[in-house]
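What follows is a short report on a single structure.
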């Protein structure tokens, strides 16, 4: 079959995006990608039936291509209009839309605007910090989450995300403290459970000798109990059957468990 695809340069809000849409015959799928500075920031695909004719495929390619362009133009148009009003919720929601499309600069601008309008808007602090996490700007993330906690100390997501930010820069004691606070608020918080397990395990592998941390055997036991006792983990898509952790011995077994946890391959971290 002939190569079926479309390419366009689209200038929006003084930024140039490249939109590429093509039919991938091996997978019988039409895929459209948005590029920003040569990097794919957002993709969307649709299945194509095996019986579709060339003309039908071309129509689907064109339809998806034009929809991607229109969606991008609409988002920036709404952003421009939202700037004319002072409505923090609108800025926050628009920031989430930009974030889901990996348009981080635009997302940051919207979340900051929401906070400027409403300095007590805790969700906007959390969202702002999350963008910084995605960018690996960890100190900025820590600052945003910490400011959110100053506004509301009962927001478990803030503590979990702050803990993860500390974990990302190997500040294990701080990470463990914040993750435990998240679980004090919501003891069935699955992400916080796994992040706390990661913090304990990484601190062991990195041979951290911090008097504020439990001993190595105690940390291993804490991870085992966290995973075994939390029934909420069975809500994960993989429906994990929890028995005991595969890091009873020093060395590879423990590291293997850690990497399995980090990759959300939880069943590989657990022996049946």
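The values are calculated or read from the model by the stated rules, or taken from the named source; none is laboratory data. Nothing here was measured: the structure is a model prediction, and the numbers come from that model. Heads up, the Cβs are rebuilt from the backbone with ideal geometry, glycines too, and the neighbour counts pull from every protein chain shown.
Per-residue answers, yes or no, for (1) modelled with pLDDT under 95; (2) outside the structural domain of residue 51 (by TED's automatic domain parsing); (3) surrounded by 11 or more Cβ atoms within 10 Å (Cβ to Cβ); (4) under 24 Å from residue 53 (Cβ atoms):
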site: 9; (1), (2), (3), (4): no, no, no, no
site: 13; (1), (2), (3), (4): yes, no, yes, no
site: 20; (1), (2), (3), (4): no, no, yes, yes
site: 25; (1), (2), (3), (4): yes, no, yes, yes
site: 29; (1), (2), (3), (4): yes, no, yes, yes
site: 33; (1), (2), (3), (4): no, no, yes, no
- Report the residue count in the stretch 167-188 for those that are in a loop (DSSP other than H, G, I, E, B) and at negative phi. 5
- Residue satisfying condition, being more than 17 Å from residue 126 (Cα to Cα) and out of contact with any strand residue (DSSP E or B) (no Cβ under 9 Å at 6 or more places or on another chain), within set 219, 181: 219
- Message: So, residue 214, is that one part of a loop (DSSP other than H, G, I, E, B) and at pLDDT 50 or above or not?
- Response: yes
- Task: Would you confirm whether any residue within the stretch 137-153 is outside any helix (DSSP H, G or I) and under 18 Å from the mean Cα position of the chain (by Cα)?
- Result: yes
- Note on the structure: The number of residues in the stretch 14-43 that are free of Cβ contacts under 8 Å to residues at least 12 places away in the same chain and within 12 Å of residue 101 (Cβ to Cβ) is 1
- Which condition breaks for residue 105 when tested against (1) surrounded by 17 or more Cβ atoms within 10 Å (Cβ to Cβ); (2) closer than 23 Å to residue 135 by Cβ; (3) assigned by TED's automatic domain parsing to the domain that holds residue 119? (1)
- Query: Looking only at the stretch 44-62, which residues are closer than 21 Å to residue 10 by Cα and either touching a residue at least 24 places away in the same chain (Cβ under 8 Å) or surrounded by fewer than 14 Cβ atoms within 10 Å (Cβ to Cβ) (or both)?
  - Reply: 44, 58, 59, 60, 61, 62
- Item | the stretch 157-178: number of residues that are under 17 Å from the mean Cα position of the chain (by Cα) and surrounded by 18 or more Cβ atoms within 10 Å (Cβ to Cβ) | 11
- Residues satisfying the stated conditions in the stretch 1-13, i.e. in contact (Cβ under 8 Å) with a residue 24 or more places away in the chain, assigned to a strand (DSSP E or B) and closer than 24 Å to residue 77 by Cα: 6, 8, 10, 12
